[in-house]
1. Per the Kirkwood definition applied to all pairs of different Cα atoms, how many angstroms is the hydrodynamic radius of region 285-427?
2. Using alpha-carbon pairs under 8 Å, 6+ residues apart, how would you state the relative contact order of region 244-740 in percent?
3. When the chain is fully extended, how far beyond the present Cα-Cα distance does residue 176 get from residue 535, taking 0.36 nm per residue of separation?
4. Suppose we keep just the alpha-carbon trace of region 469-618; what are its Rg and Dmax in angstrom?
5. Just want the ordering: 417, 321, from fewest to most Cβ atoms lying within 10 Å of their own Cβ.
6. Please rank 591, 596, fewest neighbouring Cβ atoms within 10 Å first, as an exposure proxy.
7. What percent of all Cα-Cα pairs in region 244-740 falls in each 10 Å bin, counting up from 0?
8. By count of other Cβ within 10 Å, fewest leading, how are 685, 415, 302 ordered?
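Values quoted throughout were computed directly from the atomic coordinates according to the rules given, and no laboratory measurement underlies them. The structure displayed is predicted, hence computed values, not measured ones. Ideal geometry is used to build each Cβ from the backbone, glycine not excepted, and the neighbour counts take in all protein chains shown.
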């Protein structure tokens, strides 16, 4: 009894000492391993918290236990445990690391004459000695159980410490591995549990299909119809859309497809913000692998499958109308270009159905995308789908270029084109010069992944930086491919609702053309951190800052147009004004990032995320939402609800800025982009950003409701409800099949006053 009491007292005393040491701010980490059963249980339950005030494992520490491929009964195997990462600044000769290993079966033991490893109790636990505390790699033995038709679970805990006084700077992690005997039956799951993103994507697809069926059915079906008539009604409704070559039908399909992908990409963006609501550990909401796939698919969707199709949709619908043409030059090629878009998008998303979506980022950097690290099937689908999207964009650019150069109506000279048409003309030149380069790079990447070629393999003498050159030669013009048409939309709206012609028409054309030219020169600012030549970086920095000149010309011309006009604050104009504000903020932060030392410091931080979204969402998406409100009457013959439109803008503008402006601050505070977690000190700001982003996302449902509601209940628009200047307002709303019933007469703002 006395012995037992002494034992209990000793254990209690030891536990008290351990607690005191762990709580004391200047205490040293324990030099020995786990030597008490109670402490062992605590470690198994909570991890190695004795060396760190943080009770959570740290991903910067990597624990690697080397095991055989399988085991034979009774055999003895030599195992190696290695710890890497964690503190780099170490005190000389002491307290470098420690470990604790458990095995569910068999016997763990030190090797002969090993003074670094000890087995204080039991056969299934092993830890280090006092001398072993000075190492980060240990060798020991494991004797397999008598039966080799079972599996054994190993769990290895590792401490990476700095040898200094106190617990600061010490970290830990663990690794769990299952080892099977040679005769063990490995159970394979017959089902694949869906991840969170997969469930949401599936649900969205089901809802979209259901709504489509209901809407079409509501239009087609009456109570007295037979089933065969119902089917005929469905087919009669769908067939014209499936087979059309009319630029207006194709344009509407582009716009609807683009906004559908926009909402899918928005859902993925909200998943990202939910993950970053707080600094979560792996698997707490999304696993780190799922997070990588989510931000990859978010960026890819928004750039290639949302923004560009929306632009192509408006261009499809409006360009022939604005230049007085019956259709595009190659109508069938136009239809092919469209159908490559949803097909390529579906191919990209096939990764969700085959084991994991692409996880290489929207930039697809090699060697990550070309090597064994990107092992998800979705990466191959991502590459294949991107090639299809590249082909679609190239064919579209050729079609628009021929149409605008060869099919303008008499009297429609180049310098009498609406600015939206000019923006598309410059955009298609950028597409033709950049998209094929990216497509070729994708084909080379596919060859590396599929056929074993070595275009981006370092060991074969290739340079992965080649991919960055090829990508950003396309990638930076791509920014202007999506923003230049937005400038055209703003110019049309501001002119109409200021009731006067654009100030400085010629300078606006030259400014947009100058931006297009400079966009190919400045792509190198995305590569300041790759070790590029200092002279090259200096030239790129200057030319990047030079972009501010033509951009400023456009902004000042818009302001001058409004200053001398009579502004009418309808929903399209309000969106245009909001776009000018948000894009200006994005442009200013772009000039900040053009500075080499600033970019090196902020390159992989959230300051870049804020800048990018201010340009792409605040610039492109806001502008084209204004474009929807502006040209919706022409496309449908109905006016959109003005009150809903103003409510949509108000909520969008407020909560967009509330979500993305603070990202500048968290970026300046050191928060890295592309990470699934972050320092806990930034939790409050990230929670605020996430809540604002959620409200911003939900507010877009007002836009969807307005589009559907107005189609059925909107006021009749008439041919020209806004008193517009360009040729599309001279035909009916919606336009007839051949767009014009007679040869149009170009109406230029201000000319009627000079007659």
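1. About 16.7 Å, per the Kirkwood formula over Cα pairs.
2. Computed over region 244-740, the figure is 16 percent.
3. 124.2 nm
4. 16.4, 53
5. Fewest-to-most Cβ neighbours within 10 Å comes out as 417, 321.
6. Least crowded to most crowded, the residues run 591, 596.
7. That works out to 4, 19, 31, 28, 14, 4, 0, in percent per bin.
8. Placing the least packed residue first, the sequence is 415, 685, 302.
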